[in-house]
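The values are calculated or read from the model by the stated rules, or taken from the named source; none is laboratory data. In this text, all values refer to a predicted model and were calculated from it rather than measured experimentally. Quick reminder, even Gly has a Cβ in these numbers, built from the backbone with ideal geometry, and neighbours come from all protein chains shown.
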There are 2 protein chains.
Amino acid sequence: MNTQEKWMKEAIKQAKKAYEKDEVPIGCVIVKDNKIIARGYNKREMLQQSYAHAEMIAIQKACKKLNTWRLEECDLYVTLEPCPMCAGAIIQSRIRNVYYGASDFKGGSVKTCIQLFDIKQYNHHPSYVSGICEQECAQLLKTFFKNKRNKNKS
Amino acid sequence: MNTQEKWMKEAIKQAKKAYEKDEVPIGCVIVKDNKIIARGYNKREMLQQSYAHAEMIAIQKACKKLNTWRLEECDLYVTLEPCPMCAGAIIQSRIRNVYYGASDFKGGSVKTCIQLFDIKQYNHHPSYVSGICEQECAQLLKTFFKNKRNKNKS
């Protein structure tokens, strides 16, 4: 297991916490100097807050921990490709590198629907790697939605 | 003064609060059923939080007030064209209409740098109107940055 997979496994642990709470299972960790400084998982239904995606929660915690809105030496690991809000928050935070697991064909805004990190006018352009532990990240989401559909049928 | 200008004047009041606190002067209000249900102004430096844009703060307050992440019958007024994070949060919140004042040539993601509300794959496409009280919104920002530069010189 390489370093990227090691941290993604930690993000997957967060996604599983969301799953247990009946939230769409997406998890995130932020790493600085080879340590996790913030964790987050999707809490949209629990909090009834549209912002409460895994990445947003982790970014808020990281800013609080470092007492700065600039997360320049931080790397973010998330199980699903970020949506436009989260990709935008990553740009606003000046996060250095983004590693994600599964692609999101309906909202992914790093590579799939649009490439927000490549827009020239923006003042920060994070690097990114897709497909880290992709199968495991995607399977968690598939199982979640399959169970949801079965529950709705019964 | 038409209705759009009436609500934008309220957003400008919020922007002025940011100005008084030495924050980049951007303000926002969210309107439902012809009433303001949430107000917000930029607090990025004060809170040292990258998410703390005027729109994000107003959206959080509106979700809390209505106890739902779905702001489907809400309209958002903001003095500056939303950045990708805020435009993304508007999409995530299912906000109906967006009215903004000044254009943002470095980060505006509704019309200027990119048109996030028009991306087909996303599941919501807010309507928008630009240029409401544009001069007043832009002037506030110009004065703020001019004073900042003068302070730095002295």
Check your understanding: Limited to segment A:94-119, what total is found for residues that are farther than 20 Å from residue B:44 by Cβ and at the interface with another protein chain (Cβ under 8 Å from one of its Cβ atoms)?
Key -> 8
Review point. Can you name every residue in segment B:120-154 that is more than 9 Å from every other protein chain (Cβ to nearest Cβ), surrounded by 12 or more Cβ atoms within 10 Å (Cβ to Cβ), part of a loop (DSSP other than H, G, I, E, B) and over 16 Å from the mean Cα position of the chain (by Cα)?
Key: B:124, B:125
Practice item. Output the strands (runs of 3 or more DSSP E) that fall wholly within segment A:25-93 and possess 3 or more residues being within 8 Å of chain B (Cβ to nearest Cβ), surrounded by 24 or more Cβ atoms within 10 Å (Cβ to Cβ) and more than 14 Å from the chain's Cα centre (by Cα), or say none. Key: none
Revision key, fill the gap. Exactly one of B:18, B:58, B:62, B:87 is of a type in the set (Gly, Ala, Ser) and more than 25 Å from residue B:115 (Cβ to Cβ), and that residue is B:18
Exercise for review: State whether the residues of segment A:51-65 include one that is of a type outside the set (Lys, Arg), more than 20 Å from residue B:92 (Cβ to Cβ) and touching a residue at least 24 places away in the same chain (Cβ under 8 Å).
Suggested key: yes
**Study point:** Qualifying residue in segment A:70-81 (condition: in contact with a Gly (Cβ under 8 Å, 6 or more places away or on another chain), at pLDDT 95 or above, over 15 Å from residue B:85 (Cβ atoms) and among the polar types (S, T, N, Q))
**Key:** yes
Review point. Residues B:142, B:65, B:120, B:111: which one is within 28 Å of residue A:61 (Cβ to Cβ) and among the basic types (Lys, Arg)?
Key: B:65
Check your understanding: Just a yes or no: is a residue in segment B:103-111 surrounded by fewer than 15 Cβ atoms within 10 Å (Cβ to Cβ), more than 30 Å from residue A:105 (Cβ to Cβ) and not aliphatic (A, V, I, L, M)?
Key -> yes
